[in-house]
Amino acid sequence: MNLSLSFPDPSGDTPPDSVSAAETVKRALRRPTGVEGALNHFREGMGDGNSPIRSIHHQPAKPGQFAPIPPQVPEKLAQALTKRGIGQLYSHQAEAFDLVAAGKNLVVVTPTASGKTLCYNLPVLSHLMADPGARAMYLFPTKALAEDQLQEFNALVESMGSDIRAFTYDGDTPQDARRAIRERANVVFTNPDMLHSGILPHHTKWAKAFENLRYFIIDELHYYRGVYGSHLANLIRRLKRICEFYGSKPQFICCSATIANPKQLAEALVEQPFSLIENNGAPAGEKYFVFYNPPVINRQLGIRRSYLHEARRIAIEFVERGQQTLVFTNNRLATEVLTTYLKDALDRPPRGPGAVRGYRGGFLPKERREIERNLRDGKIRAVISTNALELGVDIGSLDAVVMVGYPGTIASTWQRSGRAGRRQNTSLAVLVASSAPLDQYIIEHPEYFFSSSPESAFINADNLEILLSHMKCAAFELPIRNDEKFGPHATGDMCHFLEELGVLHEAGGQYHWTSDSYPADAIGLRAVTSDNFVVIDTTGEPKVIAEVSFPVALTSLHEKAIYLHDARQYQVEKFDYDNRKAYVRSVECDYFTDAIDYTQVKIINEFATKAVSTAAAMHGEVRVNTQIVGFKKVKFYTLENIGAGHLSLPEQEMHTTSFWLHFPIEFLGQFSDLTPTEKQYGLVGLGNGLRAVAALLLMCDPRDLSVAITENPSELIRGFEPNLYLYDNYPGGVGGSAPLWEMCERLLKGTSQLLDQCPCESGCPSCVGPTGEVGEQGKIIAKRIVTALLTSVLAATVPATTSD
């Protein structure tokens, strides 16, 4: 990979964007509508190297490749497709039908809105019409997507006049309906969380379904990477084990957006061979992709205009041109802040209230369904979402997508941009870069983005923490035989370990579950814990308004926090940690809150070490303790800090893997002109740079890595001997530390290039961080440290010379 991290050298300020309401109306009347008008606006902005428009990439329209509906498709089903305007299939749909008919496990990889759903619905429905006793199970990563796909499936079934029965089975399914679904459903639409805790542990109630399970569908395969994918692989091991017990062997059909290794990922998840379909036969509309870098407003400090404000201006421009717009952010807080800004600007005549909505995890199901429906119907003109709408929920025909910050991977960026133009119309996607180093690298190197293949998706199904957790669940579901394997692993040693813990007991050549606990409840597939907090509005009659995941609750629902929900502001009156409840009341204020945390890292086990100058590079297992210690009050629009508060929430502990650099006194002694505080600032800046380059080297989301600087107590006697940690931000780790240790030289060289080529003078968010975080000399000190680290590395690569 080319790691030349060059940066622009923009200069000067840009005119302010504050104009009168009357002038705004005049501009709106003058501006041309539609995608072409917006494109002309961007083209006019392109000019010299200082323009914020860094690239306009054009993808021409693509014709479709078609094939006749296979003769094996039942006549009623073929007629139903014709009624829905499908008189022939796309080539990849026909190929999928043939491979499934041949009994192959299949993974289909085509872009967003290319008709992947029919790749599995067509063979499943054909088989169910021939064998009404057969069963199929559809797995989707979210409830919203399962509900959306159920409606599509049932519409086709009703069009056939068939009595095939399909239902969702998830946490929202009423208790009185669950028994009927277990007994009557031909097809069950569910998600990994429900499969894990509500279906597999109660397989005896699903005996008929498992005895006749013919197909198992995994949609949005690319979503299952890292920890979540590692959990799913073990879920599939448990599923296959139960199917074997009931005498069935389901065929697996997977669908994915474009990633580099779909076949490898499918085979890693299911541990069976797969056939791959990657030639897309669907037509595609014309698409334009704009790279936008907010201009620099302070050259010395490297400060750019707020990317949130720039995204706001672009989204307003699109909506006022009549384009239905989807705005993607990378976190919950940015979603709520932008929703507030856009509601202030656009929820007025001629659009009226409700034209702008937020969308994210934590919204109640009824609220999410309402937003999706109004988006399809065109009543909502702009929606601001986290990655919750990145997946294939049908939200109609959108004209434009604005991405507020680089999503972290090339694959996610294409997936988000594909949400516009889903009906083959001309569409526009804009990526607005933040000041983060990875954002700046991508936005200034569009050729890297457009020429690179999407990232590979990796899992570590054999992560010991995850593996043991699912072994407990497997033993709860069925006794584990002494000679049994779980995936490729012999289970004897693990079962013996679990027996010593007191949860298993060996009898009759089998290990039986003996604990009173329900193991699935203790395992969260997506986070550290499966506990969620309920948000209760006490302004009037108490009512539940949201459900928030455990990690998010600690930062957004602490007492005195301003909780934002679809731009409505609530103050947290009481945070009931033990009962997982937060009580809020509606308020009107001009600020939001942002939590402050403190992190301590301790080494548990050192796997490998090597010298780097007089310092050392290591990787191993660590324990990370994090505590929320306070919060800031941040004013809307100006983003100025207008207050703070102290907190003392319970400390959270996580075991993970980490790469780290150890700086002994012998190394830091060469910087005798610096105070300990200045050295600390330099290390903070170096850590920020290392994290950005590490994400690029690993081709992972920067949020998968965290940085911490701590000292080991045993070294305090000698003096200041810190460790700089880059650790996996998930329990048990996801395998990032060992590659970073092996690529230590490339990591340091890339960081050195990053510091050299960033045009700021004293540090900025695009390299080591702002001066408020790293001090006035932070960049210079970070550069001195990385140069000293590289001195021995570079010297070792210079061939020795001899004199005559």
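The values are calculated or read from the model by the stated rules, or taken from the named source; none is laboratory data. These numbers were taken from a predicted model, which means no experiment stands behind them. Positions of Cβ are backbone-derived with ideal geometry, glycine not excepted, and every protein chain shown enters the neighbour counts. Just so you know, the surface numbers come from the protein's heavy atoms only, side chains and all, with ligands and any DNA or RNA stripped out. Shrake-Rupley method; radii C 1.70, N 1.55, O 1.52, S 1.80 Å.
Computed over the Cα atoms of region 142-220, what is the ratio Rg over Rh, Rh following Kirkwood?
Expressed as Rg/Rh, it is 0.94.
With each run of n ≥ 4 DSSP H residues scored as -39500 (n - 2.57), what mean residue ellipticity at 222 nm is computed for the chain after dividing by its residue count and rounding to the nearest 500 deg cm²/dmol?
-11000 deg cm²/dmol
Over the chain, calculate the relative contact order: mean separation of alpha carbon pairs under 8 Å at least 6 apart, over the residue count, as a percent. Let's see the in-between values first.
Values: 1629 pairs, mean separation 98.6, N = 804.
Once divided by the residue count of the chain, the mean separation gives 12 percent.
Quick test of the membrane-span-like rule: which DSSP H helices of the chain reach at least 27 Å along their long axis (C-alpha atoms) with mean Kyte hydropathy at least 0.5?
Taking the DSSP H segments of the chain (at least 27 Å long, mean hydropathy at least 0.5), we get 676-698, 778-797.
Take each of the peptides 175-186, 740-751, average the number of other beta-carbon atoms within 10 Å over its residues, and list them starting from the highest. Could you put the intermediate results ahead of the total?
Details: 175-186: 13.7, 740-751: 20.7.
In descending order of packing, they fall as 740-751, 175-186.
State the cysteines of the chain left without a partner when partners are defined as other cysteines whose beta carbon lies under 4.7 Å away.
Those would be C119, C243, C254, C255, C473, C495, C589, C700, C744, since no other cysteine Cβ in the chain comes under 4.7 Å of theirs.
With all protein chains present, how much of the accessible area of the chain (probe radius 1.4 Å) comes from carbon and sulfur, to the nearest whole percent?
Carbon plus sulfur share of accessible area: 50 percent.
Could you check the spin-label model distance between D516 and I297? Points 7 Å from the Cα along Cα→Cβ, value in nm.
Here the modelled spin labels are 6.1 nm apart.
E152: net charge of surrounding residues, Cβ under 12 Å, Lys/Arg +1, Asp/Glu -1, itself excluded?
Computed value for this residue: -3.
Quick check: the distance between the Cα centres of region 740-766 and region 594-613, to the nearest angstrom?
20 Å
Any chance you could run the full-extension gain for A490 through Y637? It's 0.36 nm times the residue separation minus the Cα-Cα distance, nm to one decimal.
Full extension of this stretch gives 47.1 nm more.
Average the reciprocal distances over every distinct pair of alpha-carbons in the chain, invert the result, and give the Kirkwood radius in Å.
Here the Kirkwood hydrodynamic radius works out to 28.6 Å.
When DSSP beta bridges are limited to those with both residues in the chain, what percentage is antiparallel, rounded to the nearest 5?
60 percent
Restricting to region 371-516, compute how many DSSP beta bridges are antiparallel as a %, nearest 5.
About 55 percent, rounded to the nearest 5.
Taking only protein heavy atoms into account and a 1.4 Å probe, give the accessible area per residue of the chain in Å².
It amounts to 41 Å² per residue over the chain.
With each pseudo-label sitting 7 Å past Cα toward Cβ, what's the D673-K83 distance in nm, one decimal?
8.3 nm
Among the GluC sites (Glu not before Pro) in region 609-672, which ones are in a DSSP loop with at most 16 other Cβ atoms within 10 Å of the Cβ? Mind listing them?
Of the GluC sites (Glu not before Pro), the ones in loops of region 609-672 whose Cβ has at most 16 other Cβ atoms within 10 Å are E640, E651.
Return the whole-Å distance between the Cα centroid of region 137-172 and the Cα centroid of region 116-135.
Cα centres, region 137-172 to region 116-135: 13 Å.
Using the alpha-carbon centroid of each, what span in Å lies between region 403-426 and region 456-507?
40 Å
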